[in-house]
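Inspection log for the structure reproduced underneath, given as structure tokens.
The values are calculated or read from the model by the stated rules, or taken from the named source; none is laboratory data. Since the model is a prediction, treat every value here as computed from it, not as a measurement. A quick note on method: Cβ atoms are made from the backbone with ideal geometry, for glycine too, and the neighbour counts reach across all protein chains shown. Areas reflect the complete protein model, heavy atoms only, side chains present, ligands, DNA and RNA absent. Shrake-Rupley method; radii C 1.70, N 1.55, O 1.52, S 1.80 Å.
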Amino acid sequence: MVIIMQAGAPESEVNAVIAAVEKAGFRPWINPGVERKVIALLGAVDAAKAELVDHFSALPGVERVTLISEPYKLASRRTRPEPTIIRVGPVSIGGDELAVIAGPCSIESREQMFEATRAVKEAGANLLRGGAFKPRTSPYSFQGLGVSGLQLLAEAGRAAGLPTVTEVLHPDDLDVIAEHADVIQIGARNMQNFRLLQDVGQVGKPVILKRNPGCRIQELLMASEYIMLEGNSNVVLCERGITSFEDATRYTLDLNAIAVIKRFSHLPVIVDPSHAAGDWRYVASAALGAVAAGADGIMVEVHPDPASALSDGPQSLRPEKFQELMDSVARVAAAVGRRVARPE
Ligand code: PEP
Ligand code: MN
């Protein structure tokens with residue numbers, strides 16, 4: 001249930017509604033809103049709330065009360081009609097600017113990280129990615145450099161003036177990750193690792209939540225709810241391909257997800273064409289399709305020498321290919337009213 005206050009309702013009336021909500025045994029969550037405040041009721045079944053619609057509707061300053069049919073509340077557009085814009089240093093995700101997150105799958109060495117950073121910065125990326133804790137299918141594969149990788153990522157990001165994104169695998173690593181990176185990524189494999197989601201919700205850093213290839217959009221939104229419920233509303237959703245019968249590509253990119261998420265949620269949505277395609281040859285068309293379809297950003301794997309990459313080499317773009325992609329991205333973005341902001 002959400003209680004929509006009248007535009008300009010005085011604070012005393014808002015506070016009285018909040019008190020009434022608490023008295024009725026619910027946890028209120030307030031969206032400050034640009035025009036009017038919206039108070040969402042959390043933590044109980046809708047059937048119990050239905051009778052309360054008349055009760056809350058009668059309170060001074062209340063414009064209307066509506067029941068939210070979706071199981072997610074904080075991620076719902078009904079709780080927050082305006083889009084969420086997340087600021088990461090000089091970059092905004094979810095507004096007119098297009099976020100371009102690029103960098104290697106894994107941080108492998110100082111030379112590799114700095115070379116990749118120079119290339120993506122030059123081509124116009126505005127956020128830098130790199131994995132230090134890698135979720136690998138095989139325990140014998142490269143697992144990432146851990147904390148020394150985080151240090152390299154932070155150093156490279158600082159030198160280039162690019163905010164950084166890296167993945168967390170385990171709650172124990174959250175503090176050191178938050179110390180070194182600007183955005184915390186929850187990878188596809190951990191989308192429903194609920195304890196990790198709750199812990200990330202308590203960290204004051206924006207989160208990129210990647211969709212698990214076997215999960216529905218609604219499950220992705222429910223996962224974001226776990227993070228937001230802990231007080232962190234800065235969640236970016238990421239479509240990165242789902243499982244299908246098609247085996248010509250690594251996954252099947254669900255571009256429908258962009259419009260669906262935007263219909264039901266205020267959260268920004270980005271697309272990772274690299275993991276979806278699994279092959280560098282298909283990355284550019286998937287990325288451009290995502291931008292044309294209204295994604296708030298893209299996340300692309302770029303490696304100075306993909307043939308020697310310790311993870312995801314086959315899907316990584318060489319710097320020249322990424323530069324070509326960025327030239328096309330700028331044109332498609334302009335055609336759909338977006339632009340790629342370049343941090344100085
Ligand atoms: C990644 O971004 O490096 C990654 C592991 O992606 P995903 O979680 O989408 O597989
Ligand atoms: Mn990867």
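Database remark: amide H of VAL340 closer than 5 angstrom to the amide H of LEU98 (H placed geometrically; neighbours at sequence offset of 5 or more, or on other chains; Pro and chain starts carry no H). Measuring spread by the Cα atoms of the stretch 84-223 yields a radius of gyration and Dmax of 14.7, 43 Å. The portion of the accessible surface of the chain made up by carbon and sulfur, rounded to a whole percent, is 51 (1.4 Å probe; DNA, RNA and ligands excluded). What angle, in degrees between 0 and 90 and rounded to the nearest 10, separates the Cα long axis of helix 319-335 from the longest principal axis of the Cα atoms of the chain? Approximately 30 degrees, to the nearest ten.
Stokes-Einstein at 10 °C, 1.306 mPa s, Kirkwood radius from Cα pairs: D for the stretch 274-344 in µm² s⁻¹?
126
On the principal axes of its alpha carbon atoms, the stretch 145-273 extends 40, 35, 25 Å, with the longest extent given first. Residues of the stretch 196-215 falling in the label zone of ALA178, defined by backbone nitrogen less than 15 Å from a point 7 Å along Cα to beta-carbon, are 196-208. With bins 10 Å wide beginning at 0, the percent of Cα pairs of the chain falling in each bin runs 6, 25, 32, 21, 11, 5, 0.
Applying 0.36 nm per residue to the separation of ARG64 and ARG136 and subtracting their alpha-carbon distance, the gain on full extension is 21.0 nm.
Sort 266-279, 131-144 by the packing proxy (mean of other Cβ within 10 Å over each peptide's residues), most packed first.
My ranking of the peptides, most packed first, is 266-279, 131-144.
Note on the stretch 181-332: antiparallel DSSP beta bridges, both residues inside, total approximately 5 percent of the bridges counted. Which pairs, out of LYS121/LYS205; LYS23/LYS205; LYS37/LYS73; LYS134/LYS321; LYS210/LYS321, put more than 27 Å between their alpha-carbon atoms? Exceeds cut-off: LYS23/LYS205. In the chain, the longest principal axis of the Cα atoms and the axis of helix 280-292 are about 30 degrees apart. Less than 5 angstrom separates the built amide H of SER106 from those of GLY131, SER311, all sequence-distant by 5 or more or on a different chain.
D by Stokes-Einstein for the stretch 208-301, Kirkwood Rh over Cα pairs, 20 °C, 1.002 mPa s: 162 µm²/s. Along the stretch 301-313 the Karplus relation, 6.51 cos²θ - 1.76 cosθ + 1.60 evaluated at θ = phi - 60°, assigns HN-Hα couplings of 7, 10, 9, x, 8, x, 5, 9, 4, 7, 7, 6, x Hz to successive residues, with x for each Gly and Pro.
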